[in-house]
Amino acid sequence: MKTAGLLLAALLLTASPALSAPAKPEIVTRAQWGSKAEPIPDSRRQVPVWITIHHAGEAWSAGQDPADFIRRMQRYGQNRPRIEPPPRNTYWPDLPYHYLIAPDGRIFEGRPVEYEPESNTRYPLNGNIGVEMMGDFNKQRPSLAQLRSVVSLTAWLAHEHGIGLEHVRAHRDAAPTQTDCPGKDFYRYFADGAFKNWVRQALANAEPAIDPGPPLPDGPTAPIP
Ligand SMILES: [Zn+2]
């Protein structure tokens, strides 16, 4: 009996590094940035099984306020039936993404993960957590702070929802031929495996060795301001 107890304790001690959760990154809550979400119908409820990474696809300029950017995006979604021609005139009661990452690395909470996201591309939306980075990574490079935040957020979400790294993907891999999101200077880290390696390190509670590398030969050189 005593031996069995000791053996169990030893097993638990050996297993404990893999069991400890990656730390939850600091997140600016919906209340803090002033969300005015409208109700999302129950028909849109989901259980997350994918983490899908995006960029805004809109170049970021110096002096922009991320909270203001998000509030405008939310209002835009609610106004689409009045301002967009078909097929983009669908009503978005809340932000299309679940988390949004500013150039300074701050993570903002978007649509609750219990509801599927929105998209202008066609792929099965149910089951996706959408993580968006502000900026256009065909025209500018993500900041180191943004890379650190997208890695720690992805690791935390993957652990929290029991999502394996094989279900972490770029938007363009979810909707091939329809989009090049999240832009070539972020997609490069999917193409060479670096992004998932950094997430793997964060999942193991190690400091991810994030190295953005030099600009791509045909890619943007300007860092996001
Ligand atoms: Zn996207």
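The values are calculated or read from the model by the stated rules, or taken from the named source; none is laboratory data. Keep in mind it's a predicted model, so treat the numbers as computed, not measured. Cβ: placed from backbone, ideal geometry, glycine included. Neighbour counts: every protein chain shown.
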Among the residues of the stretch 57-84 satisfying the criterion of being of a type in the set (K, R) and within 22 Å of P182 (Cα to Cα), which is surrounded by the fewest Cβ atoms within 10 Å (Cβ to Cβ)? R72
So, of the residues in the stretch 173-225 that are part of a loop (DSSP other than H, G, I, E, B) and charged (D, E, K, R), which turns out to be surrounded by the fewest Cβ atoms within 10 Å (Cβ to Cβ)? D218
Identify all residues within the stretch 161-188 that are more than 13 Å from the ligand (Cβ to nearest atom) and touching a residue at least 40 places away in the same chain (Cβ under 8 Å); write none if there are none. H161, I163, H167, V168, K184, D185
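Here's the yes/no breakdown for (1) hydrophobic (A, V, I, L, M, F, W, C); (2) farther than 30 Å from S20 by Cβ; (3) modelled with pLDDT under 95:
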| residue | (1), (2), (3) |
| --- | --- |
| T52 | no, no, no |
| R71 | no, yes, no |
| R106 | no, no, no |
| V113 | yes, no, no |
| Q140 | no, yes, no |
| V151 | yes, no, no |
| A155 | yes, no, no |
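Conditions (1) closer than 21 Å to G105 by Cα; (2) β-branched (V, I, T); (3) touching a helix residue (DSSP H, G or I) at 6+ places or on another chain (Cβ under 6 Å), marked per residue:
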position: S143; (1), (2), (3): yes, no, no
position: S152; (1), (2), (3): yes, no, yes
position: G162; (1), (2), (3): no, no, no
position: H167; (1), (2), (3): no, no, no
position: Q178; (1), (2), (3): no, no, no
position: W198; (1), (2), (3): yes, no, yes
position: A202; (1), (2), (3): yes, no, yes
position: A222; (1), (2), (3): yes, no, no
What strands (runs of 3 or more DSSP E), lying completely within the stretch 33-110, carry at least 1 residues that are of a type outside the set (F, W, Y), within 18 Å of N126 (Cβ to Cβ) and touching a helix residue (DSSP H, G or I) at 6+ places or on another chain (Cβ under 6 Å)? 50-55
Only one of R111, R122 that is in contact (Cβ under 8 Å) with a residue 40 or more places away in the chain and within 29 Å of D218 (Cα to Cα): R122
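Residues checked against (1) modelled with pLDDT under 95; (2) within 30 Å of P208 (Cα to Cα); (3) surrounded by 14 or more Cβ atoms within 10 Å (Cβ to Cβ):
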site	(1), (2), (3)
L8	yes, no, no
S20	yes, yes, no
E26	no, yes, no
R30	no, yes, yes
P41	no, no, no
H55	no, yes, yes
T90	no, no, no
Y99	no, yes, yes
Working carefully through the options D192, D136, find the one that is out of contact with any helix residue (DSSP H, G or I) (no Cβ under 6 Å at 6 or more places or on another chain) and either in contact (Cβ under 8 Å) with a residue 40 or more places away in the chain or under 27 Å from Q46 (Cα atoms) (or both). D136
